[in-house]
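The values are calculated or read from the model by the stated rules, or taken from the named source; none is laboratory data. Note that the structure is predicted; figures quoted are calculated from it, not measured. Note that each Cβ is placed from the backbone with ideal geometry, even for glycine, and that neighbours are counted across all protein chains shown.
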Amino acid sequence: MSLKRIQIPSPNYSSRGGATVRLIVLHTAEGARTIQELGSFFANPSSQVSSHTGADDTPNTVGEYVRPDGKAWTAANANPVAVQIELCAFAAWTAQEWDRHPNMLANCAAWVAEESARFGVPITRLNASQAQGSGRGVCQHVDLGSWGGGHHDCGSAFPMDRVLSMAKGGGDEMGYPDWFWDWVEWQMTTTQDPAERPKDAPATIPDWAWDGQKKIQNRVAYRYGMTGDERAWVDWYLGQRHPEDRPPNVPSTIPERWWTDEAWVLARD
Ligand SMILES: [Zn+2]
């Protein structure tokens, strides 16, 4: 599902002058609390600043102020080679405060993924020398140093690795954010009472989280119960075993566990 981009055009932009985008840069807006508030600031010609995009807590939505092919004005010398987003947040936020904004982090991650695909920039975290050199990837404003205007956002508690892991589609289990596990537990082991829904889980669960949940469910089912495929095989095996009726998704070598289950079903019957 692609991000909804609300257009609030800013007059504060110019041409990239032929430069190729190699940086995806993350900022905190340090003032605006919504993408609309940020948009009206950038819409004022006298502010002389802009960014391509802004993110707040609105599910699966960002504000777009400068088209990606234009040069936004927010990171000095880095602007020609950067596509940039402002989080409606503050660099002084604690880790706990960032955790209270799962939609904002999910929006940022989804935007990083879309811009990565647009410009062919890898979702790789750059250090300061890579960002200020010729590295291609994702960085924060602080990584651009004085070359990029000498700012310190997004702050030391910003969960950069978590955002990049989400942008990459979740990666392996170890890359999942904390809310993911709470949400999976709520999904799989409860009656899914909305009042009990983990408060840090975004309102719109991203596709990577649904995929992850399914993967975990399949593994749990494989270990502790029968999957649909195994059940079909057991039924077939205990029946007439016509080769043409063999269920299509059964592995050619039957796992040890399936034989145990088959014996168990046979004994039960
Ligand atoms: Zn900044």
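Take residues that are crowded, with 17+ Cβ neighbours inside 10 Å and tell me which of the strands (runs of 3 or more DSSP E) falling wholly in segment 13-61 contain 3 or more. Step through it out loud before you land on a result.
Values: elements: 13-15, 23-28, 53-55.
Ranges flagged: 23-28, 53-55.
Give just the number: which of (1) closer than 30 Å to Met166 by Cα; (2) outside the structural domain of Asp182 (by TED's automatic domain parsing) does Gln213 not satisfy?
Unmet for Gln213, out of (1) closer than 30 Å to Met166 by Cα; (2) outside the structural domain of Asp182 (by TED's automatic domain parsing): (2).
Give all pairs with beta carbons closer than 9 Å in which a residue from segment 106-132 that is in the same structural domain as Val25 (by TED's automatic domain parsing) and on the phi > 0 side of the Ramachandran plot meets a residue that is in a loop (DSSP other than H, G, I, E, B) and aliphatic (A, V, I, L, M); count only pairs at least 6 apart in sequence or on separate chains.
From residues that are in the same structural domain as Val25 (by TED's automatic domain parsing) and on the phi > 0 side of the Ramachandran plot, the pairs are Gly120/Val21.
List the residue pairs whose Cβ atoms are under 9 Å apart, where the first residue sits in segment 216-229 and is farther than 16 Å from Thr260 by Cα and surrounded by 14 or more Cβ atoms within 10 Å (Cβ to Cβ), the second is polar (S, T, N, Q) and at pLDDT 75 or above, and the two are 6 or more positions apart or on different chains.
Taking only residues 6 or more apart or on different chains, the pairs are Gln217/Gln187.
Within segment 167-178, track down each residue that is at pLDDT below 90, within 20 Å of Ala117 (Cα to Cα) and not in a loop (DSSP other than H, G, I, E, B). Please lay out each step first, then the result.
In the first step, residues of segment 167-178 are kept if they are at pLDDT below 90; the result is 168-178.
Filter once more, so that each one left must be within 20 Å of Ala117 (Cα to Cα): 168-171.
Matches in segment 167-178: none.
With among the charged types (D, E, K, R), within 23 Å of the chain's Cα centre (by Cα) and not in a helix (DSSP H, G or I) as the only criterion, which of Asp211, Asp182, Asp200 stands out?
Asp200
Could you tell me whether Asn44 is of a type in the set (S, T, N, Q) and free of Cβ contacts under 8 Å to residues at least 40 places away in the same chain? Lay out the reasoning, then the answer.
Values: of a type in the set (S, T, N, Q): yes; free of Cβ contacts under 8 Å to residues at least 40 places away in the same chain: yes.
Considered against the rule, which asks whether it is of a type in the set (S, T, N, Q) and free of Cβ contacts under 8 Å to residues at least 40 places away in the same chain, Asn44 comes out as yes.
State whether the residues of segment 74-95 include one that is away from the ligand (no atom under 14 Å from the Cβ), at pLDDT 95 or above, farther than 27 Å from Asn60 by Cβ and of a type outside the set (S, T, N, Q).
For segment 74-95, residues away from the ligand (no atom under 14 Å from the Cβ), at pLDDT 95 or above, farther than 27 Å from Asn60 by Cβ and of a type outside the set (S, T, N, Q): present.
Within segment 216-269, can you find the residues that are among the β-branched types (Val, Ile, Thr), touching an Asp or Glu at 6+ places or on another chain (Cβ under 9 Å) and not in a helix (DSSP H, G or I)?
Selection gives Val250, Ile254.
Here are some conditions: (1) at pLDDT 85 or above; (2) of a type in the set (A, V, I, L, M); (3) not assigned by TED's automatic domain parsing to the domain that holds Met104. Leu164 meets all but one. Which one does it not meet?
(3)
Which number in (1) free of Cβ contacts under 8 Å to residues at least 40 places away in the same chain; (2) under 16 Å from Thr20 (Cα atoms) marks the one condition that Gly54 misses?
(2)
Mind checking whether some residue in segment 138-159 is hydroxyl-bearing (Ser, Thr, Tyr) and away from the ligand (no atom under 16 Å from the Cβ)?
Checked segment 138-159: no residue is hydroxyl-bearing (Ser, Thr, Tyr) and away from the ligand (no atom under 16 Å from the Cβ).
Has segment 178-194 got any residue that is out of contact with any Asp or Glu (no Cβ under 8 Å at 6 or more places or on another chain), over 16 Å from Ile85 (Cα atoms) and within 16 Å of the ligand (Cβ to nearest atom)?
No, segment 178-194 has no match at all.
Among the residues of segment 67-84, which ones are among the β-branched types (Val, Ile, Thr) and crowded, with 24+ Cβ neighbours inside 10 Å? Step through it out loud before you land on a result.
Of the residues in segment 67-84, the ones among the β-branched types (Val, Ile, Thr) are 74, 81, 83.
Thr74, Val83 - these are the residues of segment 67-84 that are among the β-branched types (Val, Ile, Thr) and crowded, with 24+ Cβ neighbours inside 10 Å.
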